[in-house]
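Q: Pasting a structure below so you can have a look.
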Amino acid sequence: MRLENTFDVPAPPERAWELLMDVPRVIPCMPGAELVETVDDSNWKAKLSVKLGPIGLSFATDVSREAADAGARRAVLSARARETRGRGGGQATIESTLRTIEGGTRVEIVTEMTLSGAVAQYGRGLVEDVSRQLVTSFADCLRGQLTSSPEAARAAAPQAKPVAGLRLGLRALASAAARFFRRLVRRD
């Protein structure tokens with residue numbers, strides 16, 4: 001499955017690139033994610049917690065930087081996640097590109113994702129809608145990181161807490177319903 005997301009941050013590309021390369025600082029910006037270990041300069045271990053109503057899922061995730069081209073401001077991360085109780089997992093390749101815009105930087109993220117097990121039972125539309133909600137939260141955190149001093153940003157780093165699936169699910173359902181009704185209106 002391919003997901004494409006874009007957001008703008010109020011910082012010059014050089015500063016946004018510096019943050020993007022600081023993976024231990026970026027991982028906690030993803031809702032429900034927590035850095036567990038820095039293996040080396042290009043490999044990390046993280047934990048991702050998701051709560052879908054009464055069901056809690058916890059993923060052990062290996063994150064690797066596959067490519068980093070400062071000149072093109074393009075980075076590629078790979079992530080391999082395993083649900084800790086064996087209920088599925090996923091793999092993703094996340095390509096981030098930074099573009100200069102007036103007043104800051106546009107961050108373009110293209111994710112190629114494969115899900116397996118119980119996680120894969122959710123439809124593409126729901127995954128895309130939840131992804132948009134997660135990227136919005138992620139972008140808000142990055143904006144906060146870029147508009148404060150590095151020391152203040154580290155002190156105010158978000159604490160990992162499970163992604164609340166019910167709230168995200170309701171937003172995703174509302175987005176899906178809105179798309180459905182827009183298609184009906186266009187047909188008339």
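The values are calculated or read from the model by the stated rules, or taken from the named source; none is laboratory data. Every value quoted in this text rests on a predicted model; they were computed, and no experiment measured them. All Cβ positions, even for glycine, are placed from backbone atoms using ideal geometry, and neighbour counts span all protein chains on display.
Q: Can you tell me which of (1) surrounded by 15 or more Cβ atoms within 10 Å (Cβ to Cβ); (2) outside any loop (DSSP other than H, G, I, E, B); (3) under 15 Å from the mean Cα position of the chain (by Cα) is the one Pro31 doesn't meet?
A: Condition not satisfied by Pro31: (2).
Q: Checking Gly86 against (1) modelled with pLDDT of 85 or more; (2) under 20 Å from Met30 (Cβ atoms); (3) not in a strand (DSSP E or B); (4) not aromatic (Phe, Trp, Tyr), only one condition comes out false. Which one?
A: Against the list (1) modelled with pLDDT of 85 or more; (2) under 20 Å from Met30 (Cβ atoms); (3) not in a strand (DSSP E or B); (4) not aromatic (Phe, Trp, Tyr), Gly86 comes up short only on (2).
Q: Among the numbered criteria (1) in contact (Cβ under 8 Å) with a residue 12 or more places away in the chain; (2) farther than 18 Å from Ser137 by Cα, which one does Cys29 miss?
A: Among (1) in contact (Cβ under 8 Å) with a residue 12 or more places away in the chain; (2) farther than 18 Å from Ser137 by Cα, the lone unmet condition for Cys29 is (2).
Q: Given the residues Ser96, Ser49, Ser78, Ser64, which is the only one that is surrounded by fewer than 19 Cβ atoms within 10 Å (Cβ to Cβ), in contact (Cβ under 8 Å) with a residue 40 or more places away in the chain and not in a loop (DSSP other than H, G, I, E, B)?
A: The match here is Ser49.
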